[in-house]
Amino acid sequence: MTQDELRELYRELILDHARSPRHFGKLNNVSHMAEGINPLCGDKLKLYFRIGENKVIEDATFEGSGCAISVASASLLTDTVIGLTTCQAMDYFSAISELLVGTRSDAAGDKADVDLGKLKALQGVREFPARVKCATLAWHGLHSAIQQRNAPVSTE
């Protein structure tokens, strides 16, 4: 895929998920949740997860407000993690961290070679360094929720 094709895919994917976010709203019977705040852009997200005893993410939703990149990334996250184990979801967290920030997170060890599929389009945000925090906010929320941390996640 050429850089121009990747840019176009990025634009289309972000706009689609920002205009029509998937899994938007509060989830009932939540087992894990996280709040995320990006003070620089004003993004505020709440992520809800229902994780079964077998550590499979049975359902995931989010609510809140933010820029198109933040909302689209949260929509893509919830679309991606439903049906994954928490370990697999952490592999995605690590892979997204590597994709957007260029550093592999230790959260998933060496298992970050997952097939990102359409998530690769998020790589386009690297062209706008100030917006990387918008794209990673939901993913840090996922990490926090799985780790069952109670403090809100902040990009600062």
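Counting the residues of region 9-39 that are surrounded by 14 or more Cβ atoms within 10 Å (Cβ to Cβ) and either at pLDDT below 90 or outside any helix (DSSP H, G or I) (or both) gives 18. In the set (1) at pLDDT 90 or above; (2) surrounded by 18 or more Cβ atoms within 10 Å (Cβ to Cβ), the condition left unmet by GLU98 is number (2). For region 105-123, taking the residues that are assigned to a helix (DSSP H, G or I) and at pLDDT 85 or above, the one that is farthest from TYR10 (Cα to Cα) is identified as GLY117.
Would you call ILE96 part of a strand (DSSP E or B), within 17 Å of VAL153 (Cα to Cα) and under 14 Å from the mean Cα position of the chain (by Cα)? Can you show your working first?
On the way: part of a strand (DSSP E or B): no; within 17 Å of VAL153 (Cα to Cα): yes; under 14 Å from the mean Cα position of the chain (by Cα): yes.
When the stated conditions are applied, ILE96 does not pass them.
The number of residues in region 27-78 that are closer than 22 Å to THR155 by Cα, among the acidic types (Asp, Glu) and without any contact (Cβ under 8 Å) to a residue 60 or more places away in the chain comes to 1.
Search region 45-67 for residues being of a type in the set (A, V, I, L, M, F, W, C) and surrounded by fewer than 24 Cβ atoms within 10 Å (Cβ to Cβ), and hand back the single one that is farthest from TYR92 (Cα to Cα). It would help to see each step written out before you state the result.
Initially, region 45-67 is screened for residues of a type in the set (A, V, I, L, M, F, W, C), giving 45, 47, 49, 51, 56-57, 60, 62, 67.
Subsequent filtering for residues that are surrounded by fewer than 24 Cβ atoms within 10 Å (Cβ to Cβ) retains 51, 56, 67.
On the way: ILE51: 16, VAL56: 14, CYS67: 22 Å.
Among those that are of a type in the set (A, V, I, L, M, F, W, C) and surrounded by fewer than 24 Cβ atoms within 10 Å (Cβ to Cβ), it is CYS67.
When you check GLN88 against the structure, is it crowded, with 17+ Cβ neighbours inside 10 Å and either without any contact (Cβ under 8 Å) to a residue 40 or more places away in the chain or among the basic types (Lys, Arg) (or both), yes or no?
Working: crowded, with 17+ Cβ neighbours inside 10 Å: yes; either without any contact (Cβ under 8 Å) to a residue 40 or more places away in the chain or among the basic types (Lys, Arg) (or both): yes.
So GLN88 passes the test.
Going through (1) among the hydrophobic types (A, V, I, L, M, F, W, C); (2) farther than 19 Å from GLN148 by Cβ; (3) under 13 Å from the mean Cα position of the chain (by Cα) one by one, PHE49 falls short only on (2).
Taken over region 124-139, the residue count meeting the criterion of being small (Gly, Ala, Ser) and either surrounded by fewer than 18 Cβ atoms within 10 Å (Cβ to Cβ) or not in a helix (DSSP H, G or I) (or both) is 1. Somewhere in region 89-107, is a residue within 21 Å of HIS23 (Cβ to Cβ) and either of a type in the set (D, E, K, R) or in contact with a strand residue (DSSP E or B) (Cβ under 7 Å, 6 or more places away or on another chain) (or both)? Checking region 89-107: at least one residue is within 21 Å of HIS23 (Cβ to Cβ) and either of a type in the set (D, E, K, R) or in contact with a strand residue (DSSP E or B) (Cβ under 7 Å, 6 or more places away or on another chain) (or both). Evaluated against (1) of a type in the set (Ser, Thr, Tyr); (2) out of contact with any Cys (no Cβ under 8 Å at 6 or more places or on another chain); (3) surrounded by 13 or more Cβ atoms within 10 Å (Cβ to Cβ), SER70 falls short on exactly one condition, (2).
The values are calculated or read from the model by the stated rules, or taken from the named source; none is laboratory data. Since we're looking at a predicted model, the values are computed, not measured. So basically every Cβ, Gly included, is an ideal-geometry build from the backbone, and we count neighbours across all protein chains shown.
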